[in-house]
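To keep things clear, I will list the structure first and then write my remarks on it.
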Amino acid sequence: MTRYLFILHFFLINIFLATVVFADFERGLAAYKEGRYQEAINFFKSSAEAGNIQSQTKLGEIYSTGEGVE
């Protein structure tokens with residue numbers, strides 16, 4: 001019984017973390033589209049550090065073009 005509770009707990013935490021990481025990407029994308037590059041970078045960094053590949057790619061594009069980077 002304890003084993004099943006542990007497994008359930010593990011999956012629920014992973015679902016929650018995935019939702020948070022995706023939300024940061026979406027907020028970063030919205031900020032980017034509005035030209036708020038520094039804010040977008042902060043959201044993308046947070047999401048990228050958690051392993052979101054889309055955020056990692058977008059962050060690379062921003063650095064490559066120099067948008068919002070000093």
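The 3J(HN,Hα) values that the Karplus relation (6.51, -1.76, 1.60; θ = phi - 60°) gives for region 50-61 are, in residue order, 7, x, 6, 5, 4, 5, 4, 5, 5, 4, x, 5 Hz. Gly and Pro appear as x.
3J(HN,Hα) along region 39-44: 5, 4, 4, 4, 5, 5 Hz, from the Karplus curve 6.51 cos²θ - 1.76 cosθ + 1.60 with θ = phi - 60°, whole Hz, x for Gly and Pro. Straightening the chain between THR57 and ASN42 buys 4.0 nm, computed as 0.36 nm per residue apart minus the Cα-Cα spacing.
Read-outs throughout are calculated quantities, based only on the coordinates presented, and are distinct from any laboratory measurement. Predicted, not measured: the structure shown is a model, and the values here were computed from it.
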